[in-house]
Amino acid sequence: MRMRIAFVAFTVWSASATAAQAQYTVDGLTLGRKLNFESASYREYKCSPSDQFDGLTWCQKTRTDREPRGPYTAAYSILHSPEGNVVYVNRSQEPAFFKRTEAQDDIQRYSRSIGEPPRTIKMPHRTGMADGVIAIWGKITLERLDQESIKVLADGKSPKKGLLIDFVGNFVRSAKEGLPIYRIEGGPGFIWGASFDRKGRGTLRMAAMDASGFVSSSPKEQPIPQSRAQETETNKTPAELVPKMEKLQSEIASVTTKVAELEKAKQAAEAARIEAAKASIDVETAKRQIEQTIIAERTDLEAKMARLDADRAAGNARSGRWEGALYGAFGGLLVVFVAFTMSFFTNRRKQSISEHQVFGPEIDPIGVSGQAHREVGITPHTLPPDIASAEAVLRLELERQVATINATQDVIDGEPQNILALPGRDLGAEGLSKAIDGRARERMQAEEI
């Protein structure tokens, strides 16, 4: 079986050609081995002097455990000499789990380990009953128990016939149902017995012993190994077994509950692990989305900055063109002003020459002018009609140029400015006209003088 049954295979410990003895082991204890009374494994047993065999000590313990197919209870028992030499070691389990061929596979595996074929006995098949088999190795022999002893067992009492074995692991049940029960005799060897139903559940017992080493305290007082997941001494009655059976059932129920709780905790831990993995994936996804958003925003910002730089460069180019146009307009205005001034002074000179010819060289222009002014009342600085007309035309042209320049400057700077506003002077169209009239009068006075 696969239930922590430590079985050490056959080894040769004597080189004698006529004597070759195997080592038989159950639960790590080898038949004939000397025990260490101070070891932790030995202290797990409850030991007391055997009341069935003189000079031997009887030890037993019970353990509950679980395999993938379910929980089970195992009972262990030992008989050893005062020196600690093991003469009997036994393990029984209930329930035991078997598939269709596992029992036969276990028997074959033990045969390969021991190095000899087994002697097997099969339980008589009965409808509704489990099947069973017993396998024997070494010098162990089985003797079927007599009917008188079977009747004693059916009443729940011990027949005092030594070590016994049956197929179902329950002597009382076997006795009542008429199933074979055997007494173990002979020398050292190994015995394996099991039962199993159609559902693959049953009982299992294995023992290593040397029946020749037992010395009974009375010819009729022999220990009867019991089943039902434990080894008990034959002097105990069924009434004494009931509390222990109830305790074992309670322990099995407790263990089953704990196992179920552990399974639930495992499932919860697995669910938590899955949720944590999902949360980690969500965090990574959100992180990637944030990084992508940052990259997209940075790209968009860089594109906007590039467009802003391009617009600024285009604005600077348009400003340069408007400044060029402004300077050109100002230059044109200056050219017009200079041309007008030159034309004015040229006409004025021609008029002055003409008047001089009319009055003649002997007439004093100053006197005539003074007399004329006194007689006629003409203002000395009044311009002729053609000059006044030209001045009006110039004034209109200047106003138009100033309006154009101011509109151009408004487009560029967003504020109306006057290009003709020079430091210390604020000249509009009327101021410019007055300035021109003043210059003209000064020129005329200078020519009259």
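The values are calculated or read from the model by the stated rules, or taken from the named source; none is laboratory data. Owing to the predicted nature of the structure, the values given are computational and were not obtained by experimental measurement. Every residue, glycine as well, gets a Cβ built from its backbone with ideal geometry; the counts of neighbours run over all protein chains shown.
Listing for the model above:
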{"quantity": "Complete set of residues in region 121-131 that are surrounded by 13 or more Cβ atoms within 10 Å (Cβ to Cβ) and either modelled with pLDDT under 90 or of a type in the set (S, T, N, Q) (or both)", "calculated": "129, 130, 131"}
{"quantity": "Filter pass, residue 48 being in contact with a strand residue (DSSP E or B) (Cβ under 7 Å, 6 or more places away or on another chain), surrounded by fewer than 20 Cβ atoms within 10 Å (Cβ to Cβ) and free of Cβ contacts under 8 Å to residues at least 12 places away in the same chain", "calculated": "yes"}
{"quantity": "Residue count for region 152-179, restricted to those that are under 28 Å from residue 86 (Cβ atoms), in contact with a Phe, Trp or Tyr (Cβ under 9 Å, 6 or more places away or on another chain) and not small (Gly, Ala, Ser)", "calculated": "5"}
{"quantity": "Tally of residues being out of contact with any Ser or Thr (no Cβ under 9 Å at 6 or more places or on another chain), of a type in the set (A, V, I, L, M, F, W, C) and under 17 Å from residue 210 (Cβ atoms) across region 114-143", "calculated": "3"}
{"quantity": "Selection count where residues are assigned to a strand (DSSP E or B), of a type outside the set (A, V, I, L, M, F, W, C) and in contact (Cβ under 8 Å) with a residue 60 or more places away in the chain, scope region 51-84", "calculated": "11"}
{"quantity": "Looking only at region 185-219, and only at residues there that are hydrophobic (A, V, I, L, M, F, W, C) and modelled with pLDDT under 85, the one that is nearest to residue 109 (Cα to Cα)", "calculated": "211"}
{"quantity": "Residue count for region 106-132, restricted to those that are within 22 Å of residue 188 (Cβ to Cβ) and of a type outside the set (D, E, K, R)", "calculated": "11"}
{"quantity": "Hey, residue 35 more than 54 Å from the chain's Cα centre (by Cα) and not small (Gly, Ala, Ser) or not", "calculated": "no"}
{"quantity": "Subset tally (residues that are of a type in the set (Gly, Ala, Ser), in a loop (DSSP other than H, G, I, E, B) and touching a residue at least 60 places away in the same chain (Cβ under 8 Å)) for region 168-201", "calculated": "2"}
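Conditions (1) within 18 Å of residue 135 (Cβ to Cβ); (2) exposed (fewer than 13 other Cβ atoms within 10 Å of the Cβ); (3) under 44 Å from the mean Cα position of the chain (by Cα), marked per residue:
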position: 26; (1), (2), (3): yes, no, no
position: 31; (1), (2), (3): yes, no, no
position: 52; (1), (2), (3): no, no, no
position: 55; (1), (2), (3): no, yes, no
position: 72; (1), (2), (3): no, no, yes
position: 79; (1), (2), (3): no, no, no
position: 82; (1), (2), (3): no, yes, no
position: 89; (1), (2), (3): yes, no, no
